[in-house]
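Note sheet for the following structure.
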Amino acid sequence: MDAWSGAIVLPLLGAALHPLLGAMVQRATRHGVRMSVVLGFANLLTLVVFAAYLRPDFSGGFQSMDLLAVLNGVLFFWGQWFSVQSVRKGDLVVHSSALGFKVLIVAALSASVGLEKAGAGLLGGSLLAALAVYLVTGATAERWKANRVTLGLTLLACVFFATNDFLTGWKSRDIGAARWLILMMLTAGTLSLGMLIPRWGDVKAMLATRATTWPTLGAGLTLGVQALLVNIAFSRFGEPALSNIAYSTRGVMAVFFVWAITSRAKSALGWRQLLGAMLMVAALALVLV
């Protein structure tokens, strides 16, 4: 797989799993599982998926760059933590729409070190992708203003996630992508285990019934495969902004998936959703051309 296709196709495959991930998380939380428990198990299962596929070589001993991979795992975990907090605090539409800012931050960071050329295609595509997410999710300026705490927490999550994506695309090949990604997820998994231990009562309650266990495990495995696809694209092809534009289609896919499987499919999609979908296609075309 060449750089152009890999940087696009792998994130698109990851984005296609997003509706399934959302359905699993919703089912688990609807049965009373706390989001922190879902997140903790998801990170631990993601580590298992990464280790099973990547099989890194640690025979070379400690390297100074390993510390940066560990730091990247801390960034990944805190991005998730702020994202969960933003969902808890308020409006899911505000949270989903504001996540579109991540692609702008990644593009700015990548362009600042020359990792990706800061041309009109990259910057314009990033702007269109962010706008497309905003439109598709149904956000409005009034809704953002009424949910400032959610908006602020989501923007913090964007900063952590974007820095994580950028560092993976920029530095992972210095020690090998497999080693970098395992250290990153080992760090996130360790922090998640530390988060789960004080919540052991909630963990036991989740494991007590199949109605809560299977959706939680399903969410973790889905997130693991999704994260593996996207991070392989970041680390192997070194174009995190381009890959993020492709990955941002997950919001469009989720909206159209929900529309297709509910009674809303009997009626036409709104103009915002259709315009957002067209802008997302235009964003991908702009960065590729």
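Couple of notes before you dig in:
- Pairs of Lys in the stretch 3-288 closer than 27 Å at Cα, counting only those 8 or more apart or on different chains: 7
- Share of pairwise Cα-Cα distances greater than 12 Å in the stretch 34-91 is 76 percent (whole percent).
- Net charge of neighbours whose Cβ lies under 12 Å from the Cβ of Met65, counting Lys and Arg as +1 and Asp and Glu as -1: +1
- For Trp170, net neighbour charge (Lys/Arg +1, Asp/Glu -1) across residues whose Cβ lies under 14 Å away: -1
- Under conditions of 37 °C and 0.692 mPa s, the chain yields 170 µm² s⁻¹ as its translational diffusion coefficient, taking Rh as the Kirkwood radius over Cα pairs in the Stokes-Einstein equation.
- Listed by number, the DSSP H helices of the chain that run 30 Å or longer by alpha-carbon position along their axis and have mean Kyte hydropathy of at least -1.0 are 64-89, 148-171, 210-237.
- GNM flexibility winner over the chain from Asn43, Asn147, Asn72 (Cα, springs under 10 Å): Asn147
- The stretch 44-187 - Rg over Rh from alpha carbon coordinates, Kirkwood radius: 1.04
- Peptide packing for 24-31, 51-58 was compared via the average number of neighbouring C-beta atoms within 10 Å per residue; ordered from the highest value, the list is 24-31, 51-58.
Where a number appears in this text, it was derived from the coordinates with a stated rule and is not lab data. Keep in mind that this is a model prediction, so the values were computed, not measured. Every residue, glycine among them, receives a Cβ derived from its backbone with ideal geometry; neighbour counts consider all protein chains shown.
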